[in-house]
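Have a look at the structure below, then the notes.
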Amino acid sequence: MSATTCLFCRIIHRELPATVVYEDDDVLAFRDIAPKAPTHLLVIPKRHLDGLQALDGEGAGVMASLFACLVRLARDTGVAHSGYRVVVNHGANGGQTVPHLHLHLLGGRPLTWPPG
Ligand code: AMP
C-alpha cells in the first residue's frame with residue numbers, strides 16, 4: 001500500500017480526523033476509533049512501514065521510539081500501575097486490518113488470555 005492511500009498516513013497528514021494524544025518527529029499516537037478497552041491507543045511510526053516484517057536495518061530504532069512513546073503513555077494514562085497489554089497484529093491470520101505498523105496499548109480493565 002502506498003503512503004498516499006494508507007489510512008494511518010492520512011491521519012499523520014491530518015487528511016482524516018483522529019484524537020491525537022502524542023506527536024513528535026517520528027511517532028504519532030492516537031485513540032483507536034473502536035476501543036476494545038477503556039484505554040486503547042495506537043502508536044505508529046510516521047514513516048510508512050506495512051508491518052513488522054517491513055522492518056529493515058533501522059527496525060530496532062523504530063521499535064525503540066514506539067515503545068518509548070507507549071511506556072510514557074501508559075504512565076500518563078494511569079494504566080502502567082493497573083497493568084496493560086501491547087499488541088502488534090501481523091498479516092491476515094494475525095488480525096491486522098490496517099497495513100501500517102502500529103502498537104496497540106490496551107488497559108483500564110482486566111484483559112483475558114489467550115486472545116481469540
Ligand atoms: P489492526 O487490526 O491490528 O490492524 O488494528 C487496526 C486498528 O485501527 C483497529 O483497532 C481499528 O479500530 C483502528 N482504526 C481503524 N480506523 C481508524 C481511524 N480512522 N482512527 C483510529 N483508529 C482506527
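In segment 7-27, which residues are within 11 Å of the ligand (Cβ to nearest atom) and touching a residue at least 12 places away in the same chain (Cβ under 8 Å)?
7, 8, 11, 18, 19
Table: residues versus (1) touching a Lys or Arg at 6+ places or on another chain (Cβ under 9 Å); (2) in a loop (DSSP other than H, G, I, E, B).
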| site | (1), (2) |
| --- | --- |
| 4 | yes, yes |
| 8 | no, no |
| 11 | no, no |
| 14 | no, yes |
| 17 | no, yes |
| 22 | yes, no |
| 28 | yes, no |
| 33 | no, yes |
| 37 | yes, yes |
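With the condition kept exactly as written, say whether any residue in segment 69-80 is among the hydroxyl-bearing types (Ser, Thr, Tyr), away from the ligand (no atom under 14 Å from the Cβ), within 16 Å of residue 105 (Cα to Cα) and surrounded by 13 or more Cβ atoms within 10 Å (Cβ to Cβ). Even if it seems obvious, please write down each step before you answer.
Of the residues in segment 69-80, the ones among the hydroxyl-bearing types (Ser, Thr, Tyr) are 77.
Of the ones still in play, those that are also away from the ligand (no atom under 14 Å from the Cβ) are 77.
With the extra rule that they be within 16 Å of residue 105 (Cα to Cα), the set shrinks to 77.
Pick out the ones that are also surrounded by 13 or more Cβ atoms within 10 Å (Cβ to Cβ) and you get 77.
Within segment 69-80, one or more residues are among the hydroxyl-bearing types (Ser, Thr, Tyr), away from the ligand (no atom under 14 Å from the Cβ), within 16 Å of residue 105 (Cα to Cα) and surrounded by 13 or more Cβ atoms within 10 Å (Cβ to Cβ).
Say whether the condition of being under 27 Å from residue 108 (Cβ atoms) and assigned to a strand (DSSP E or B) is met by at least one residue in segment 44-63. I'd like the intermediate steps shown before the answer.
Step one: filter segment 44-63 for residues under 27 Å from residue 108 (Cβ atoms), giving 44-46, 51-52, 62-63.
So of that shortlist, the ones also assigned to a strand (DSSP E or B) come out as 44-45.
Yes; the residues of segment 44-63 include at least one that is under 27 Å from residue 108 (Cβ atoms) and assigned to a strand (DSSP E or B).
Which condition does residue 10 not pass, out of (1) surrounded by 12 or more Cβ atoms within 10 Å (Cβ to Cβ); (2) of a type in the set (D, E, K, R); (3) under 20 Å from residue 76 (Cα atoms), if it passes all the others?
If we test residue 10 against (1) surrounded by 12 or more Cβ atoms within 10 Å (Cβ to Cβ); (2) of a type in the set (D, E, K, R); (3) under 20 Å from residue 76 (Cα atoms), just (3) comes out false.
Considering 32, 24, 76, which residue is under 13 Å from the mean Cα position of the chain (by Cα) and modelled with pLDDT of 95 or more? Give the steps one after another, and end with the answer.
Numbers: 24 fails: under 13 Å from the mean Cα position of the chain (by Cα); 76 fails: under 13 Å from the mean Cα position of the chain (by Cα).
Exactly one residue qualifies, and that residue is 32.
Take the residues in segment 35-52 that are within 10 Å of the ligand (Cβ to nearest atom) and not basic (Lys, Arg); name whichever of them is modelled with the lowest pLDDT. Break it down into steps so the answer makes sense when it comes.
Pass one, segment 35-52, residues within 10 Å of the ligand (Cβ to nearest atom): 35-36, 40-42, 44, 51.
If we keep only those that are not basic (Lys, Arg) too, we end up with 35, 40-42, 44, 51.
On the way: 35: 98, 40: 98, 41: 98, 42: 99, 44: 98, 51: 95.
Filtering segment 35-52 for residues that are within 10 Å of the ligand (Cβ to nearest atom) and not basic (Lys, Arg), the one modelled with the lowest pLDDT comes out as 51.
Return the pair list, or none, for Cβ contacts closer than 8 Å from residues in segment 29-40 that are within 23 Å of residue 63 (Cα to Cα) to residues that are of a type in the set (Phe, Trp, Tyr) and surrounded by 17 or more Cβ atoms within 10 Å (Cβ to Cβ), at least 6 apart or on different chains.
Listed pairs, sorted by first residue: 39/84.
Output the residues belonging to segment 53-68 that are within 15 Å of the ligand (Cβ to nearest atom) and more than 20 Å from residue 22 (Cα to Cα). Lay out the reasoning, then the answer.
Let us first name the residues in segment 53-68 that are within 15 Å of the ligand (Cβ to nearest atom), namely 53-54, 66.
Matches in segment 53-68: 53, 54.
Quick one: how many residues across segment 91-108 are surrounded by 14 or more Cβ atoms within 10 Å (Cβ to Cβ) and either more than 14 Å from the ligand (Cβ to nearest atom) or in a loop (DSSP other than H, G, I, E, B) (or both)? Walk me through it before giving the result.
Keep residues of segment 91-108 that are surrounded by 14 or more Cβ atoms within 10 Å (Cβ to Cβ), which gives 96, 98-108.
With the extra rule that they be either more than 14 Å from the ligand (Cβ to nearest atom) or in a loop (DSSP other than H, G, I, E, B) (or both), the set shrinks to 96, 98-102, 107-108.
The total comes to 8.
The values are calculated or read from the model by the stated rules, or taken from the named source; none is laboratory data. Quantities reported herein were computed from a predicted structural model and do not represent experimental measurements. Virtual Cβ from ideal backbone geometry, glycine too; neighbours counted across all protein chains shown.
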